[in-house]
Amino acid sequence: VQLQASGGGSVQAGGSLRLSCVASGFNFYSYAMGWWRQAPGKEREFVAHINWNGARVDYEDSVKGRFTISRDNAKNTMYLQMNSLKSDDTAVYYCARRTIELPPHIAKAYGNWGQGTLVTVSS
């Protein structure tokens, strides 16, 4: 199983970025996926979750209305469109495969994690 996140970078507050996560080594269409982030000195936190076909999505409250999670099963790729970025969004963003039937905001629900991509938002 490999999860390759990309698309991070530096942006000013109010700007946008789109993260991508390319999956390989498993049947991507069979699994729910999630985005998590870890800011310097803080614990990893849930950002967003998408079920296998995109019909169900969940967001952490602080990103609702600003971030959009989506997936393209034909391309084995998940996305996170991030708009109206704030300095508090600065973090390393990780994509993860949900492998255990626990609530999607619980880290233990995810059995595989990508390497992370850094997002820096300057005010």
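Flag: Arg18 does not match the condition of being open to solvent by less than 70 Å² (accessible area, probe 1.4 Å), of a type outside the set (A, V, I, L, M, F, W, C) and part of a strand (DSSP E or B).
Being out of contact with any Asp or Glu (no Cβ under 9 Å at 6 or more places or on another chain) and farther than 18 Å from Thr99 by Cβ is the filter; apply it to the range 26-50 and report the residue that is surrounded by the most Cβ atoms within 10 Å (Cβ to Cβ). Here the residue is Lys42. Consider the range 51-103 and keep the residues that are part of a loop (DSSP other than H, G, I, E, B) and among the small types (Gly, Ala, Ser). The one that is surrounded by the fewest Cβ atoms within 10 Å (Cβ to Cβ) is Ala55. Could you give every pair whose Cβ atoms fall below 9 Å, whose first residue belongs to the range 32-49 and is over 24 Å from Arg71 (Cα atoms) and touching a residue at least 24 places away in the same chain (Cβ under 8 Å), and whose second residue is of a type in the set (Asp, Glu) and open to solvent by 20 Å² or more (accessible area, probe 1.4 Å), counting only separations of at least 6 or pairs across chains? Correct list of pairs: Ala39/Glu45; Ala39/Asp88. Against the list (1) closer than 22 Å to Ser123 by Cα; (2) open to solvent by less than 50 Å² (accessible area, probe 1.4 Å); (3) aliphatic (A, V, I, L, M), the condition Ala13 fails is (2).
Please go through the range 1-10 and pick out each residue that is among the aliphatic types (A, V, I, L, M) and surrounded by fewer than 16 Cβ atoms within 10 Å (Cβ to Cβ). Steps first, answer last, please.
Within the range 1-10, the subset among the aliphatic types (A, V, I, L, M) is 1, 3, 5.
The answer is Val1, and nothing else.
Give the range 26-40 a look and list any residue that's modelled with pLDDT of 95 or more and either assigned to a loop (DSSP other than H, G, I, E, B) or within 9 Å of the chain's Cα centre (by Cα) (or both), or say none. Scanning the range 26-40 gives Phe26, Asn27, Tyr31, Ala32, Met33, Gly34, Trp35, Trp36, Arg37, Ala39. Here Ala23 passes the criteria (1) open to solvent by 20 Å² or more (accessible area, probe 1.4 Å); (2) closer than 15 Å to Asn112 by Cβ; (3) assigned to a strand (DSSP E or B) except the one numbered (1). Read through the list (1) open to solvent by 60 Å² or more (accessible area, probe 1.4 Å); (2) touching a residue at least 60 places away in the same chain (Cβ under 8 Å); (3) under 10 Å from the mean Cα position of the chain (by Cα), then give the number of the only condition that Trp113 fails. All conditions are met except number (3).
The values are calculated or read from the model by the stated rules, or taken from the named source; none is laboratory data. No experiment lies behind these values; they were computed from the predicted model shown. Don't worry about glycine lacking a Cβ; one is built from the backbone with ideal geometry, like all the others, and counts go over all protein chains shown. We work out accessible area using only protein heavy atoms, side chains counted, and drop any ligands, DNA or RNA first. Shrake-Rupley method; radii C 1.70, N 1.55, O 1.52, S 1.80 Å.
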